[in-house]
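Trainee: So that we are looking at the same thing, I have put the structure below in structure tokens.
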Amino acid sequence: MNQTSSIPSEYVYPVDPFVVQVLQSVIGKDVVVETVRGASRGTVAEVKPDHVVLKKEIVHSLYVFV
């Protein structure tokens, strides 16, 4: 029999260790992050392999996926 099993898709995003290391070195500093969706400006609050958290002057955080 020729049955096709339904295997869920999984997105895989490559992680650039250099980018993560550079972002970790500027935690607490103001930066501009340029993405395919435009630029985001803020203070680097947190860095993970798949995203960075920028704090804006107003009272909320912006998650930017790198």
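The values are calculated or read from the model by the stated rules, or taken from the named source; none is laboratory data. No experiment lies behind these values; they were computed from the predicted model shown. Here the Cβ positions follow ideal geometry from the backbone for every residue, glycine too, while neighbour counts run over all protein chains shown.
Trainee: Which ones in region 3-38 are among the hydrophobic types (A, V, I, L, M, F, W, C), assigned to a helix (DSSP H, G or I) and surrounded by 13 or more Cβ atoms within 10 Å (Cβ to Cβ)?
Mentor: VAL19, VAL20, LEU23
Trainee: Also, I was wondering about something else. Do you know which of the residues in region 39-66 that are under 20 Å from PRO17 (Cβ atoms) and not in a strand (DSSP E or B) is modelled with the lowest pLDDT?
Mentor: Only one residue tops the list, namely VAL66.
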